1. Residue by residue through the stretch B:163-171, which ³J(HN,Hα) values in whole Hz follow from phi under the Karplus form 6.51 cos²θ - 1.76 cosθ + 1.60 (θ = phi - 60°), with glycine and proline marked x?
2. Given a 1.4 Å probe and heavy atoms of the protein chains only, how would you sort A:HIS54, B:HIS89, largest accessible area at the top?
3. Per residue of the stretch A:46-56, what does 6.51 cos²θ - 1.76 cosθ + 1.60 with θ = phi - 60° give for ³J(HN,Hα)? Whole Hz please, x for Gly and Pro, Karplus curve as stated.
4. Students often get this wrong, so check it: of A:LYS10/B:LYS258; A:LYS50/A:LYS107; A:LYS292/B:LYS222; A:LYS117/B:LYS7; A:LYS267/B:LYS67; A:LYS30/A:LYS67, which have C-alpha atoms separated by over 31 Å?
5. Enumerate the amide H contacts of A:GLU383 below 5 Å, restricted to partners 5 or more residues apart or on another chain; note that Pro and chain-start residues carry no placed amide H.
6. Dividing the Cα convex hull volume of the stretch B:185-281 by residue count, how many Å³ per residue is that?
7. Tell me the accessible surface of B:LYS223 in square angstrom (1.4 angstrom probe, heavy atoms of protein chains only), to the nearest ten.
8. Under the Karplus relation 6.51 cos²θ - 1.76 cosθ + 1.60, θ = phi - 60°, what is the ordered set of whole-Hz ³J(HN,Hα) values for the stretch A:13-29, x standing for Gly and Pro?
Amino acid sequence: MFVNFFYELKRTGVPVSLTEWMTLMEALSKGLAFSSLSGFYHVARAVLVKSETHFDSYDIAFQNYFKGIETPVDVVEQALEWLKNEIPPLMISPEERKMFQDWDLDKLRRELEERLKNQDGEHHGGSNWIGTGGTSRFGHGGYNPAGVRIGGQSLNRSAVKVAAERRYRGYRSDETLGVRQFEVALRKLRQLTSRDEGLKDELDLDGTIDATCKNAGRLELVWDRSRKNNMKVVLMMDSGGSMDPYIDLCSQLFTAVNRSTHFKDLKFYFFHNCFYDDLYLHPSCTSRSAIKTYDVLHNLNPEYRLIIVGDASMAPSELTMVGGAIDWDVMNNEPGLVWLERVVKHFKHAVWLNPVPSQWWDVHRYYGAYTINLVRKLFPMFELTLDGLELAIKRLKVKF
Amino acid sequence: MEVQEFKGTANYIVSEDLRNSVNVSITLGRPLLIKGEPGTGKTMLARSIAEGLGLKLIIWNIKSTTKAQDGLYVYDTVQRLYDSQFGDHDVSDISQYIKMGKLGEAFLSDNPVVLLIDEIDKADLEFPNDLLWELDMMSFYIPETGVTVTAKHRPIVIITSNAEKELPDAFLRRCIFHYINFPEPEMMVNIINVHHPHLEDKLIHEAMEAFYWIRTLNGLQKKPSTSELLDWVQALTVGGVSLDKIRREIPLLGVLLKKNQDFDVILSRLRTQSTNKTKTRSHSLWG
Ligand SMILES: Nc1ncnc2c1ncn2[C@@H]1O[C@H](COP(=O)(O)OP(=O)(O)O)[C@@H](O)[C@H]1O
Ligand SMILES: [Mg+2]
C-alpha cells in the first residue's frame, strides 16, 4: 500500500506533512516521475524532504518501502489506489483534513488515470526529462554541442541502490557536527527583553514619520522600547587529558560559542576533570590563570545560563574525597561534588554537555560511567551532539 | 509565453539532480529553496536559469533588516509630505508615491521572470512566514490605494539559504527543496574549466589537491569555497608560481583564507608535515 511509504518516512524520522504528500500526488499527476524509479526517488525527495539532515532517513525509508518495486508505473498505480480508497483510514488531524479542500481530488485521480492509460512499454508517459540520467540527451558529465554542460553522475542506476548507498549519512543531525551547525543551534538561545517593560528609549523612526505626516508635517517623535537579547552565558570546559579524543568536537563548540555575537555577555572558564576552589581562564589550567570559584559565583548573577562541557569521567575520589583533585598542586578542602552542587545551586539554569556518547553512560556496563552518573544526579546531562545541544538549549530556556 | 524546461547554460555546471529539482519547481509552480555552503553556486544558479530560459532576472537581496513588506511595495510618505510643502505637485493621487518592491515588480512584469530571493536566512525568523500568503496567492493588496496587485505570470521563484538560521516549517512545506553538495573534484574541474579555460592540467591538479586537503583539516573557522579556489588558481597562474611548490608551500594562502587563525592552523600543519614529526601524547587512565 502506497500510504505505507508515508508512514515509513515518518517512522524513520522524516517530518513529512500532508501538504507535502499531496504535492507529491500533484507531481505524479503531472507526469514528473514517470520515466524511472530514480526519477520518482528525486522528485519525491525534492517535494517531501526539507533538510539535508533528513536525506539519510529518506534513503532508509525508500529502501525499506521500494525493495520489491521495479517500475515507476507501480508507484503511480499504487498512488492512484491510495487516492481512491485510502484517504479515510489515513490518520490525520482535523486541520490537516481541512487542507484536502485545497486539492481537487477528482481531478488528481483523473489525471493519474490518464497518465497510466497512456503508458507505452518504456514508461515514457509524462515529461521525460526527469530521471533519464542525462544519458539520452546530453551524455553525462560532459559537454554537448548545444552548449549545455552537465556535471555529476548518471542516475541510470537503480534508485534503491542509490538509496542503499546512504550518501547523506554524514549529514544526519544526530551524528555529525560542525561549527556552523552549532552556531545555528546556539542562535536559539536567546531571550528578548519584553515589549511591556523597560524604558522607551529608542526612536521609532517609522512611527515618527507616520505620526509627523499625520500631523501635517509638525514633528512628532515616537519612542519605543528596544528589544535586545538579554541572554548571558557562562561556559565552563573540561580541558583535561581524557578530553583529548573529543578535542575537535569541543573546539568546534568553543568556536561556535565564541562567534555567537548575540549574547549579552559571555564568559569562559576551564577546569580539569572537576572544579574546586579555583577555575582557570586558560585551557592549560596553570596557577597563573587561576581565578577563585567563589569570585566567579559572586560576579555572575543567577540569570547567567551555565553550560558545562566535560566527559565527567574521572577517578571517583576526585568527586567524593577531600584532597582528591587530580592535579598535585591543587588541594581541595571540600570534595568535588560539594563544589558542583554549589555551582548548580547558584545558577538557575545549568546543563552539562558530555562528548561521551550516551550509550556509554550506563554504569552497569561501563565502570567509567560511575562518575558520569554522580554528576548526572546534579546536572541535567546531554550528549554533545547537535540534537543534544538542542535539547540542552531548550532546557536552558525553561522559565522557573 | 510558455516556460520551457531548464537544461543548463554553458557557464554554469549543473548536476543532474539540481536540474531535475529546478524543473520540478517550475512545473509545480512552487518556490525552489536552495541550501548549501557559501560558494556552492546558489546565486549563480538563478542567473543560469534566467539565462537558460531567456527570462529576466529580478534579484531581491535579503539583509538582516529586510522586512517582507519591502518586497511588496513602499509608500513614500516622506516624499509626499515634501511635495505637499515644497513642491508644485498635486499630492492627492497616492499611487504616485507607491513604489513596487522586488516581488511587486516580478508580479507586474509583462513577461515571466525569475525572481531570486537571495540569502533568506539573513532576515528575521518571521520573514519567510510573512511572505507565505503572497507567494501562495501570487497577489497582494495595497490598502492606501485600494489596489490589488496580481501576478500577470507566476514568476519562477528561487530562494537561497546559507543555513544561518532554520526556516519555519510552514514555509518549508510549500517549497521544493534542494541541497547543493560541495562539488566533488570531478565536478570542480569542470567548474574551473568554465571560468579559466586555458589552465594547465597539472596546475589544476596540484591546486585541487592542496585545496581539498585544506578542507579536510579540522579547526578552520572558514573553509575555503569554490570562489576562493577560482581566485587562487588565477592568482597562481598570474604569479607564475612553480608547480611543485603549490602543494608543499601553499603559496598565496591569503587568497584562499580569510581568517588569521586559519593561517596558523595550516602553516603549523605544513610545518609538522615537512619535519615529519609525530607528536605523541601521554595519557593517564583518568585524564
Ligand atoms: N556550478 C558552478 N558552475 C560554475 N561556476 C560556479 C559553480 N558553482 C560555483 N561557481 C563559482 O563560484 C562563485 C560563487 O558562487 P555563488 O553563486 O556566489 O555561490 P553562493 O551563492 O552559493 O554563495 C561564482 O561566482 C561562480 O563563479
Ligand atoms: Mg550567494
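1. Whole-Hz 3J(HN,Hα) from phi for the stretch B:163-171: 6, 6, 10, 7, 9, x, 4, 4, 5.
2. Most to least solvent-accessible, the answer reads B:HIS89, A:HIS54.
3. Taking θ as phi minus 60°, the curve returns 4, 8, 8, 10, 10, 8, 5, 5, 9, 4, 5 Hz for the stretch A:46-56.
4. A:LYS10/B:LYS258; A:LYS292/B:LYS222; A:LYS267/B:LYS67
5. A:ASN354
6. Measuring per residue, one finds 103 Å³ for the Cα hull of the stretch B:185-281.
7. Accessible area, nearest 10 Å²: 90 Å².
8. The phi angles translate into x, 8, x, 7, 10, 5, 3, 5, 4, 5, 4, 5, 4, 4, 4, 5, 5 Hz.
The values are calculated or read from the model by the stated rules, or taken from the named source; none is laboratory data. All figures in this text were calculated on a predicted structure; none of them were measured in a lab. All Cβ positions, even for glycine, are placed from backbone atoms using ideal geometry, and neighbour counts span all protein chains on display. Ligands, DNA and RNA are stripped out before the accessible areas are found, and what is left, the full protein with its side chains, is counted by its heavy atoms. Shrake-Rupley method; radii C 1.70, N 1.55, O 1.52, S 1.80 Å.
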